[in-house]
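Undergrad: Starting off with a structure, shown below.
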Amino acid sequence: MRNQKQIQFNPKYPSIEDLREKARKRIPKFAFEYLDGGCNEEVCIRKNTSEIREVELLPRYLDSYLGANPTTELFGMTYDAPFGIAPVGLQGLMWPNSPEILAKAAFDHNVPFILSTVTTSSIERISEITEGNAWFQLYHPTEESVRNDLIKRAEAARCPVLVLLCDTPVFGFRPKEIRNGLSMPPKMNLNNILQILGKPQWAFETLRHGQPNFEVLKPYMPKGLNLKQLGYFMDQTFSKRMDMDKIASIRDMWKGKLVLKGVVTEPDAEKAISLGLDGLIVSNHGGRQLDAGESTVKPLQRIVENYGGRITVMMDSGIRSGPDIARVLASGAQFTFMGRPFMYGTAALGNTGGDHTISLLKLQLSQIMEQLGCERIDQLPDFKKNNGSPRMKR
């Protein structure tokens, strides 16, 4: 276990909302709306956070207390905090070089970083930064040869965990992205160009680091693709809908830990367990896929109650603060992930944004644990109001 990095953050931005507002002012509108938006009427994106905050915790002020220890064991690793950085596509569009900034911050703070198939840094570069500690999230390719090569690259990069995505059988209908020309194929219109001219620092950093590209997929892309051809390539490259046969085949290939992300129902959890997966991330893609669906905290509670003793259950989508992390852990998750908060931090503060955001969340979570009188992360369910049926011990 590495020495814990000292918590240190910029006091001008003591909340994720402060970072979000700074990011909104600092990057072009089309980039901010890609990061910030959901699908359809954005009902689910709002429910994700509001329903997490319906969970109430009860402090125990008069119990003996030895102090808060937020370290967490997960898949044989001891992390300094019970949260990690979720996979986000097109990160370099929102702030240049942001995957590398966040991977370095995650490594320094000893929390997991998950690299997306469709982000803007390669598996090999992120593995170098994290000394082989980054996880990799796989969008399932149509061609077996591409799938097999991606898995071999993740294995060669020493990724300890492979994350399979199951909640994108079709890309969500996102009006803001359509208006901004960021659907597939993407288009750069006059309005977007004017937005770039109004954000000179973003424009300078983009020039310095180069136009963002799908670096993970670059070996499989024909050279000289124009934007229209890129849309066709992406549509043809990914089979989108996951099924049990595809997962079983990957389970046979991948010798490390295998996690399914996007599970929100008990039948899907049951299937994942039957296939020998090691973990689930209860997720609705941050409210970007199914606006008519549930928030994530509700299915989390049901899945934990029914399957928590049989598989590691984690959660993302809607978590925006240390208190939110505590609420989700108290609801039974063994670990949490966040995407937008870290991207807000990087878009707001550049190279220091990842370090600041992790430090901020660590500090907020430790304060909540101290307030409750909770010494260890796995004790948080004992502080939840109306805890319901007894939770199976881990």
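Undergrad: Which ones in region 328-360 are touching a strand residue (DSSP E or B) at 6+ places or on another chain (Cβ under 6 Å), under 21 Å from Val163 (Cβ atoms) and not aromatic (Phe, Trp, Tyr)?
TA: Scanning region 328-360 gives Val328, Ala333, Gln334, Thr336.
Undergrad: To continue, here is another question. So Ala81 passes all but one of these: (1) among the small types (Gly, Ala, Ser); (2) within 24 Å of Lys240 (Cβ to Cβ); (3) touching a residue at least 40 places away in the same chain (Cβ under 8 Å). Which condition number does it fail?
TA: (2)
Undergrad: Give region 288-306 a look and list any residue that's in a helix (DSSP H, G or I) and in contact with an Asp or Glu (Cβ under 7 Å, 6 or more places away or on another chain), or say none.
TA: Across region 288-306, the qualifying residues are Val297, Lys298, Arg302, Ile303, Asn306.
Undergrad: So how many residues does region 58-75 have that are without any contact (Cβ under 8 Å) to a residue 12 or more places away in the chain and surrounded by fewer than 14 Cβ atoms within 10 Å (Cβ to Cβ)? Write out each step before concluding.
TA: As a first pass, look at region 58-75 and keep what is without any contact (Cβ under 8 Å) to a residue 12 or more places away in the chain: 62, 64, 73.
Adding the requirement that they be surrounded by fewer than 14 Cβ atoms within 10 Å (Cβ to Cβ) leaves 62, 64.
Within region 58-75, residues that are without any contact (Cβ under 8 Å) to a residue 12 or more places away in the chain and surrounded by fewer than 14 Cβ atoms within 10 Å (Cβ to Cβ) number 2.
Undergrad: If we keep just the residues of region 166-180 that are surrounded by 17 or more Cβ atoms within 10 Å (Cβ to Cβ) and of a type in the set (D, E, K, R), which is farthest from Lys29 (Cα to Cα)?
TA: Asp167
Undergrad: Can we say Ala134 is under 25 Å from Ala348 (Cα atoms), touching a strand residue (DSSP E or B) at 6+ places or on another chain (Cβ under 7 Å) and at pLDDT 85 or above?
TA: On the way: under 25 Å from Ala348 (Cα atoms): yes; touching a strand residue (DSSP E or B) at 6+ places or on another chain (Cβ under 7 Å): yes; at pLDDT 85 or above: yes.
So Ala134 fits the description; yes.
Undergrad: Just to be sure I understand, how many residues within region 240-276 are free of Cβ contacts under 8 Å to residues at least 60 places away in the same chain and either surrounded by fewer than 16 Cβ atoms within 10 Å (Cβ to Cβ) or closer than 20 Å to Arg302 by Cα (or both)?
TA: Residues in region 240-276 being free of Cβ contacts under 8 Å to residues at least 60 places away in the same chain and either surrounded by fewer than 16 Cβ atoms within 10 Å (Cβ to Cβ) or closer than 20 Å to Arg302 by Cα (or both): 17 in total.
Undergrad: Within the bounds of region 166-178, is there any residue that is assigned to a helix (DSSP H, G or I), farther than 24 Å from Asn40 by Cβ and not aliphatic (A, V, I, L, M)?
TA: Scanning region 166-178 turns up no residue that is assigned to a helix (DSSP H, G or I), farther than 24 Å from Asn40 by Cβ and not aliphatic (A, V, I, L, M).
Undergrad: Among the residues of region 342-354 satisfying the criterion of being surrounded by 24 or more Cβ atoms within 10 Å (Cβ to Cβ) and not aromatic (Phe, Trp, Tyr), which is farthest from Asn10 (Cα to Cα)? First the steps, then the outcome.
TA: Initial filter on region 342-354 (surrounded by 24 or more Cβ atoms within 10 Å (Cβ to Cβ)): 342-348, 353-354.
From the residues that got through so far, the ones that are not aromatic (Phe, Trp, Tyr) too are 343, 345-348, 353-354.
Details: Met343: 16, Gly345: 11, Thr346: 13, Ala347: 14, Ala348: 11, Gly353: 9, Gly354: 12 Å.
Per the criteria, the residue is Met343.
Undergrad: Among the residues of region 97-129, how many are under 23 Å from Pro82 (Cβ atoms) and either assigned to a loop (DSSP other than H, G, I, E, B) or touching a His at 6+ places or on another chain (Cβ under 7 Å) (or both)?
TA: Of the residues in that region, 3 qualify.
Undergrad: Taking only region 141-165 into account, find how many residues are part of a loop (DSSP other than H, G, I, E, B), surrounded by fewer than 22 Cβ atoms within 10 Å (Cβ to Cβ) and in contact with a strand residue (DSSP E or B) (Cβ under 9 Å, 6 or more places away or on another chain).
TA: Pass one, region 141-165, residues part of a loop (DSSP other than H, G, I, E, B): 142-143, 157-160.
Subset that is surrounded by fewer than 22 Cβ atoms within 10 Å (Cβ to Cβ): 142-143, 157-158, 160.
With the extra rule that they be in contact with a strand residue (DSSP E or B) (Cβ under 9 Å, 6 or more places away or on another chain), the set shrinks to 142, 157, 160.
Of the residues in region 141-165, 3 are part of a loop (DSSP other than H, G, I, E, B), surrounded by fewer than 22 Cβ atoms within 10 Å (Cβ to Cβ) and in contact with a strand residue (DSSP E or B) (Cβ under 9 Å, 6 or more places away or on another chain).
Undergrad: Mind listing just one residue for me: the one in region 235-270 that is acidic (Asp, Glu) and over 17 Å from Val313 (Cα atoms) and, of those, modelled with the lowest pLDDT? Don't jump to the end; show me each part of the working.
TA: Within region 235-270, the first condition is being acidic (Asp, Glu), and the residues that meet it are 235, 243, 245, 252, 266, 268, 270.
So of that shortlist, the ones also over 17 Å from Val313 (Cα atoms) come out as 235, 243, 245, 252.
Numbers: Asp235: 73, Asp243: 92, Asp245: 96, Asp252: 97.
In this case the residue turns out to be Asp235.
Undergrad: Tell me the residue from Glu51, Glu42, Glu33 that is on the phi > 0 side of the Ramachandran plot, out of contact with any His (no Cβ under 6 Å at 6 or more places or on another chain) and in contact (Cβ under 8 Å) with a residue 12 or more places away in the chain, please. Before you say what the answer is, go through the steps one by one.
TA: On the way: Glu51 fails: on the phi > 0 side of the Ramachandran plot; Glu33 fails: on the phi > 0 side of the Ramachandran plot.
Of the residues listed, the single one that is on the phi > 0 side of the Ramachandran plot, out of contact with any His (no Cβ under 6 Å at 6 or more places or on another chain) and in contact (Cβ under 8 Å) with a residue 12 or more places away in the chain is Glu42.
Undergrad: Considering only region 19-47, state which residues are at pLDDT 95 or above, surrounded by 16 or more Cβ atoms within 10 Å (Cβ to Cβ), closer than 22 Å to Asp316 by Cα and among the charged types (D, E, K, R).
TA: Arg20, Lys47
Undergrad: Additional query: Determine whether Ile45 is within 28 Å of Glu375 (Cβ to Cβ) and either aromatic (Phe, Trp, Tyr) or under 20 Å from the mean Cα position of the chain (by Cα) (or both).
TA: no
Undergrad: To continue, here is another question. So which pairs qualify, if the first residue must be in region 315-337 and within 16 Å of Ser359 (Cα to Cα) and at pLDDT 95 or above, the second must be aromatic (Phe, Trp, Tyr) and surrounded by fewer than 24 Cβ atoms within 10 Å (Cβ to Cβ), the Cβ gap must be under 6 Å, and the two must be at least 6 apart or on different chains?
TA: none
Undergrad: Val163 - would you say it is within 22 Å of Asp278 (Cβ to Cβ) and out of contact with any Cys (no Cβ under 9 Å at 6 or more places or on another chain)?
TA: yes
Undergrad: While we're looking at this one, here's another question. Please determine whether any residue of region 360-374 is assigned to a loop (DSSP other than H, G, I, E, B) and in contact (Cβ under 8 Å) with a residue 40 or more places away in the chain.
TA: Within region 360-374, one or more residues are assigned to a loop (DSSP other than H, G, I, E, B) and in contact (Cβ under 8 Å) with a residue 40 or more places away in the chain.
Undergrad: Right, Gly309: in a helix (DSSP H, G or I), out of contact with any Gly (no Cβ under 7 Å at 6 or more places or on another chain) and among the small types (Gly, Ala, Ser) or not?
TA: Considered against the rule, which asks whether it is in a helix (DSSP H, G or I), out of contact with any Gly (no Cβ under 7 Å at 6 or more places or on another chain) and among the small types (Gly, Ala, Ser), Gly309 comes out as no.
Undergrad: Can you work out which of the residues in region 123-140 that are among the acidic types (Asp, Glu) and in contact (Cβ under 8 Å) with a residue 12 or more places away in the chain is surrounded by the fewest Cβ atoms within 10 Å (Cβ to Cβ)?
TA: Going residue by residue through region 123-140, those that are among the acidic types (Asp, Glu) are 124, 128, 131.
Narrowing further to those that are in contact (Cβ under 8 Å) with a residue 12 or more places away in the chain: 124, 131.
Values: Glu124: 12, Glu131: 9.
Ranking the qualifying residues of region 123-140, first place goes to Glu131.
The values are calculated or read from the model by the stated rules, or taken from the named source; none is laboratory data. Just so it is clear, the model here is predicted, and its values are computed rather than measured. Here Cβ is always computed from backbone atoms with ideal geometry, including for glycine, and neighbour counts include all displayed protein chains.
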